[in-house]
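Take a look at the structure below.
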Amino acid sequence: MILSKWLATLLGGAFAVQGALAIDVNLDDETSLKNAAKTVATTMMDFYNARDSKDIPGKFDGTWWEGGSMFMTLIMYWFMSGDSQFNDAVQDGMYFQKGDDNFFPSNYSQYLGNDDQVFWGLAAITAAEFNYPERDGEPSWVSLAQGVFNTQYPRWDTSSCHGGMRWQIWPYQDGYLTKNAISNGGLFQLSARLALYTGNKTYADWAERIWDWSATTPLLKEKNWNIADTTTCGTQCTDHGDYQWTYNYATYISGAAYMHNYTNGTETKWKDGVVGLIKTSQQFYPTTGFNGDGGQILCEITCEAGGNCDRNQITFKAYFANWLGMLTTIVPGTYDLIFPQLRTSAQAAAKQCSGGDDGVHCGIRWYKQAAWDGTKGLEQQMAVLGVLAANLIPFKNKAPLSLTSGGTSKSNPTAGTNTSDNDVPVLNSIGTGDRAGAGILTVIFVSGWAVAVTWMIRGG
């Protein structure tokens, strides 16, 4: 009995030491970073391969949008690390869920939100910008991103608030009466990236329209660079839901960065937006109340302290890290505003990866550092992979590609439209009234939706 107790104590101590070791990473060593990211990515894909819906490529249990966001994160990881072991899974999922070349598959389209769909479009434009491998006989990555744009811009709704994208697409969904930051910011970012990749001004015009409209609402307050999560049609978008989320800020910051590059820095509002929103994003590096980390570790402040982040919210830091890290390659002078804290966040995140029987499963509350927070899952792995991959960006030091700088993904402006028109839908010139939010926009909301489907909980 005494020997058994001694042995149990010894083994328990061994597991404790194993957990304390976590994932070792040297942020100044590219190989060390790649190895750490590979460990995190492999565990993430173990979760993906073990899901109940594993027979449906790209479909997660209980959610659809996260497939697109995970593939986007893996594409960034591939570009930064050169690790191609997950490419087949990414291609299988992206092509299987492409729908009519617009990531609006019929199996899920009756309950998707605009934000759900746009994340797949952002994954596709990421693949185009990095020359991610394409398969013969499949649509190009950039055309899939264009397909998302082509199905989303007609949903621009002037029946309330003088414009804007509704959160949900169908009138029988609870979020139909809401216009939110991620749906509008997502299409803004997608439009800006399509503008830079293709050089087509129509996309730039749409990006500017969305930004200017957002600035007439609480969704984007240029006075103090605050982003509200939501506003509602019933108040003509004057009210505001003020939950603060990293990905809302990152979406608008990234889009502004692409527009800054697209305009060759000639329009000061884009650089002002990038810098202003980055400074406001300091709130996500809290200086008090989080184990005294001194404001250096990225935190989802709305939910992490209470340990009540849902699976969607757990992933947000991945996009924040990836999008802000990448913009340093296209907006000069932003490295020192972004990377010092992304570095300390990556170091803390790696220390959080000390859970599970193998001692490398990751938690989400990085500010706890070596003390694993007891949570684990695909989403936790995605968040850590995002910040580790972001820290590889300075080693790679390559800006996103365009058709004029080596991008090989072929444009198809009519993708997803079932039309023979060879032109991207032409946006009428934007006048002063549009910029003030008081003009009548040229695109009307598409009505007459079918209503006989039971409402389902939003998957993103």
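For this structure, a couple of remarks:
- Rg to Rh, two decimals, where the stretch 115-266 supplies the alpha carbon set and Rh follows Kirkwood: 0.98
- Close amide H partners of residue 113, meaning residues 5 or more places away or on another chain with modelled amide H under 5 Å apart, are 459.
- Phi angles of the stretch 391-396 translate, via the Karplus equation with coefficients 6.51, -1.76, 1.60 and θ = phi - 60°, into HN-Hα couplings of 6, 7, 4, x, 5, 6 Hz per residue; Gly and Pro are given as x.
- Where only alpha carbons of the stretch 136-202 are counted, the Rg and the Dmax (Å): 13.7, 44
- Set 38/368; 179/396; 34/398; 34/368; 317/351 screened for pairs whose C-alpha atoms are more than 28 Å apart: 179/396
- Computed from phi, the 3J(HN,Hα) profile of the stretch 145-156 under the Karplus parametrisation 6.51, -1.76, 1.60 (θ = phi - 60°) reads 5, 5, x, 5, 4, 5, 8, 8, 4, x, 7, 4 Hz, with x in place of Gly and Pro.
- Length released on extending from residue 54 to residue 408, taking residue separation times 0.36 nm less the Cα-Cα span: 124.3 nm
- Amide H contacts under 5 Å for residue 179, placed H, 5+ residues apart: 167, 231, 232, 233
- With every protein chain in place, the stretch 212-327: carbon and sulfur % of accessible area (1.4 Å): 48 percent
- Candidate aspartates and glutamates - alpha carbon under 12 Å from residue 223, same-chain residues fewer than 8 apart omitted: 272
- Scattering profile of the stretch 45-128 at q = 0.19 Å⁻¹ [log10 I(q)/I(0), Debye over alpha-carbon scatterers]: -0.79
- Pairwise Cα inverse-distance average, inverted: Kirkwood Rh of the stretch 251-364 (Å): 15.3 Å
The values are calculated or read from the model by the stated rules, or taken from the named source; none is laboratory data. In this text the structure is predicted, and so the values were computed from the model without any measurement. Accessible surface areas use protein heavy atoms only, side chains included; no ligands, DNA or RNA. Shrake-Rupley method; radii C 1.70, N 1.55, O 1.52, S 1.80 Å.
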